[in-house]
Amino acid sequence: MSKVMRKLGLATAISVLATLSWAETQGVADDEVIIGSVNDLSGIFAAVGVPAVKGANVVFERVNAEGGVHGRKIRYVVEDNGYQMPRAMQGYNKLLNRDKVFAMLQSLGTPMNLAGFKLLDPKGIPNVAPLTASKMMLQEPVRNKFTSFSTYHDQSAAGVKYLANQFGLKNVCTMYLPNEFGKEILEGSKAGAQEAGIVFIAETTHKPDETNFVGSLSKLKEEGCEIVTMALGVSQTITVLGTASKLGLADMKFLGTSAAFLTVVAQVPGGITEGFYVAASWLDLWARAEEPAVAAFIEEYREATGEEPVGFSMLGYSSAVMLVKALEAAGSNLTHDSFIAGMESLNYFDELVGNHMTYSADDHQGADAVHISVVENGAWKHLTSQ
């Protein structure tokens, strides 16, 4: 056999092996890649999940209309967990075993993601930008896990320290759902108290469907709580703030994390949420509506959906853009290995959310910043960043 023929034979073999590599990768075809999400479209965090999914779809529809990524269109399959564990596991099983998804994007809920890892990890399915800021999203094995922002623990600690220093407050308490989400915020609140040189004095636990908080707030008042951190559902957070106002608890400073950093929370009629603080991972959308990148997003979202975007619309859009960047960096031979390498190569400033996003083989958390804001005149006002 001639040298030329041997080279051609080798090149053909390499090409065939490369084709087989991605062909055997779950969720990858020559014209499509399937991305999944187990999200909350009907439960206590639907105000997070619904706009986030819409934001992601704006990106995917645009990218698909332009021909996809390396010739592959993105099919985004979303299952509703209603923030309930049984429904979440049904969703994971369907996506992994029936839809054969390549990767997960924006799955919501700390306990739901943790349970999902038991199914994702054996298959090496990447879990990207989950809609939870839990530090447990980067548990071992870390290789297939990528988060976007600072953790609930760090957000809570930073917020407690800010309020203690700003107002000379001496203690902190926590109202929380007794799951992994709530426990991390409890832990971060205690850490923040210790770092600020103040004391943690009380806590109350709550069910996801609880709606009456008079007893709990009365208890916290009796304990003399000055800072109250919260790890509750969206409507529960609003109800707590409204109840505190009716009870005359004007001296209490209430603090949420990114889970409560919603446009709808700031815009509750009657000023119920006025003075509510959050320590979150990104900058508010509408406070920066005149900035070029934000204005362009708002216009694109309105045109695509016929609706006004909210903060989590922006977050979903931003996460989808990041996924597309990773798919582009992975190259045409798309495998889990090439995608993970693509994610680890990302290093860019996300003008939309206001964070520098950088990943590496040793760092799968995109940004570390904590931004502290307060509701003022029905809108989020940025106070400081750490």
- Note on the structure: Ranked output for segments 209-220, 177-188 by mean other Cβ atoms within 10 Å, highest leading, reads 177-188, 209-220
- Query: Of the listed peptides 245-258, 349-362, 149-162, what is their order by residue-averaged count of other C-beta atoms within 10 Å, with the highest listed first?
  - Reply: 149-162, 245-258, 349-362
- Task: Please list Leu163, Leu41 in order of solvent-accessible area, largest first, computed with a 1.4 Å probe with all protein chains present.
- Result: Leu41, Leu163
- Item | Portion, in percent, of the accessible area of the stretch 261-386 that falls on carbon or sulfur, probe 1.4 Å | 49
- Carbon/sulfur accessible area of the stretch 147-248, % of total, 1.4 Å probe, equals 46
- Note on the structure: Over its alpha-carbon atoms, the stretch 125-194 yields an Rg and a Dmax in Å of 13.9, 47
- Message: How much accessible area per residue does the stretch 294-337 have, counting only protein heavy atoms and a probe of 1.4 Å, in square angstrom?
- Response: 37
- Under a 1.4 Å probe, what is the accessible area of the stretch 168-258 per residue, stated in Å²? 42
- With respect to the cross-link table entries Lys170/Lys207; Lys123/Lys190; Lys100/Lys145; Lys100/Lys325, which display a Cα-Cα separation exceeding 25 Å? Lys170/Lys207; Lys123/Lys190
- Would you mind getting the accessible area per residue of the stretch 20-138, heavy atoms of the protein chains only, 1.4 Å probe, in Å²? 35
- Task: Measure nothing fancy, just the Cα-based angle from helix 214-223's long axis to the longest principal axis of the chain, in degrees from 0 to 90, nearest 10.
- Result: 70
- Message: Under the 0.36 nm per residue contour assumption, what length would be gained going from the current alpha-carbon distance of Asn377 and Phe349 to full extension?
- Response: 7.1 nm
- Query: When the chain is modelled as a GNM with alpha-carbon springs shorter than 10 Å, which of Thr110, Thr147, Thr204 fluctuates the most?
  - Reply: Thr204
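The values are calculated or read from the model by the stated rules, or taken from the named source; none is laboratory data. What you are looking at is a predicted structure, and each value in this text was computed from that prediction instead of being measured. Ideal geometry is used to build each Cβ from the backbone, glycine not excepted, and the neighbour counts take in all protein chains shown. Ligands, DNA and RNA are excluded from the accessible area calculation, which covers all protein heavy atoms including side chains. Shrake-Rupley method; radii C 1.70, N 1.55, O 1.52, S 1.80 Å.
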